[in-house]
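**Student:** Dumping the structure here so I can ask a few things about it.
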């Protein structure tokens with residue numbers, strides 16, 4: 001199987017890390033930035049690192065863009081440059097384009113130009129941090145639809161010591177526990193205490209809930225809210 | 001002396017820490033916290049006790065208290081490697 005080809009334009013924190021992770025995962029990565037220092041920093045990690053102006057269509061053409069599976073536009077400072085690079089990538093036949101946007105206008109323009117995916121790291125992170133501060137019991141939340149979520153939450157106190165069946169999480173809350181994350185205490189060889197994290201996927205109805213367990217549940221937002229209040 | 005005429009077993013700091021660890025290993029986190037707190041009252045200068053208490057709080061997902069305890073453990077013994085590792089994980093490093 002031929003390796004997937006990625007082109008990352010803009011090597012700020014986001015672009016640099018995306019390029020590094022993709023390479024680690026075995027992809028072919030070309031990384032570009034106007035700033036020579038940033039290019040040098042990443043040169044050892046990626047397949048090819050180039051100091052160049054990616055808004056120059058001729059230059060982009062020289063990279064055989066039709067061979068590139070995914071183009072990632074990670075230009076943070078200049079909306080104009082980001083838009084130009086997206087446009088060129090689209091016109092030159094890059095198969096899929098992901099654009100990191102700095103604001104909503106940027107996101108709308110990129111979508112109109114044919115970006116296949118818009119990422120908005122600041123906004124996404126802000127939402128997660130705010131959510132975590134408002135509901136400290138909710139550790140992680142994945143939205144499946146506006147109504148349904150997968151949520152990680154700390155086991156409510158009243159369920160500690162009960163089995164899943166006794167806690168009636170399915171019958172009273174319409175929620176399904178898809179996994180239980182548990183910290184299992186142990187003593188090290190030198191007698192120090194520590195714990196390791198274990199995950200019980202698809203737990204049985206007779207599995208007991210322990211203090212400190214984290215439940216991964218799937219269900220309606222309103223039902224999760226009810227459980228959270230317990 | 002207790003009722004049976006045996007000398008009261010004195011609660012030493014060591015025995016309290018051992019008992020705390022015993023409760024922790026058996027998942028009795030609230031009892032473990034009690035014992036470690038008693039051990040700290042006897043000797044507030046031992047890094048290991050704060051680390052153990054932090055560990056119980058972390059196991060109970062009380063990360064705020066866990067963090068305070070790990071910080072205290074490191075303040076007393078800057079070479080407490082386990083406390084450092086757990087603190088870094090909590091902060092998100």
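Just so you know, all these numbers are worked out from the coordinates, no wet-lab data involved. What you see is a predicted model, and the numbers here were worked out from it, not measured in a lab. Using ideal geometry, Cβ is built from the backbone for each residue, glycine included, and neighbour counts are taken over all protein chains shown.
**Student:** Give me the Debye-computed log₁₀ of I(q)/I(0) at q = 0.12 Å⁻¹ for the protein assembly as shown, equal point scatterers on Cα only, no solvent, two decimals.
**Tutor:** -0.97
**Student:** Using the alpha-carbon centroid of each, what span in Å lies between segment A:65-88 and segment A:151-227?
**Tutor:** Value for the Cα centre distance between the two parts: 44 Å.
**Student:** Mind listing P(r) for chain B? All alpha-carbon pairs, 10 Å bins, whole percents.
**Tutor:** All Cα pairs, binned at 10 Å, distribute as 18, 44, 26, 7, 4, 0 percent.
**Student:** Report the relative contact order of chain B, percent, no decimals, based on alpha-carbon pairs under 8 angstrom and at least 6 residues apart.
**Tutor:** On the way: 101 pairs, mean separation 18.0, N = 93.
Relative contact order of chain B: 19 percent.
**Student:** Where does helix A:13-24 land angle-wise versus the long Cα axis of chain A, in degrees 0 to 90, nearest 10?
**Tutor:** Once rounded, one gets 80 degrees.
**Student:** Cα-based Rg of segment A:5-122 per 2.2 N^0.38 Å, rounded to two decimals?
**Tutor:** That works out to 0.94 for segment A:5-122.
**Student:** Note down the nm distance, to one decimal, between modelled labels 7 Å out along Cα→Cβ at residue A:220 and at residue A:144.
**Tutor:** Using points 7 Å along Cα→Cβ, the separation is 1.3 nm.
**Student:** Based on the Cα gyration tensor of segment A:95-190, what are the three equivalent ellipsoid semi-axes, each the root of five times an eigenvalue, rounded to whole Å and given largest first? Before the final figure, lay out each step's value.
**Tutor:** Details: eigenvalues 289, 71, 36 Å².
After diagonalising the Cα gyration tensor, the semi-axes are 38, 19, 13 Å.
**Student:** Relative contact order for chain A: what is it in percent, counting Cα pairs under 8 Å that are at least 6 residues apart? Intermediate values should be presented prior to the final figure.
**Tutor:** Numbers: 421 pairs, mean separation 31.1, N = 230.
The normalised contact order for chain A reaches 14 percent.
**Student:** Given R₀ = 51 Å, FRET efficiency for residue A:47-residue B:31 by Cβ-Cβ distance, to 0.05? Walk me through the intermediate numbers first.
**Tutor:** Numbers: r = 56 Å, r/R0 = 1.10.
Between residue A:47 and residue B:31 the formula returns 0.35.
**Student:** Relative contact order for segment A:132-228: what percent, with Cα pairs under 8 Å and sequence separation of 6 or more?
**Tutor:** Relative contact order for segment A:132-228 comes out at 37 percent.
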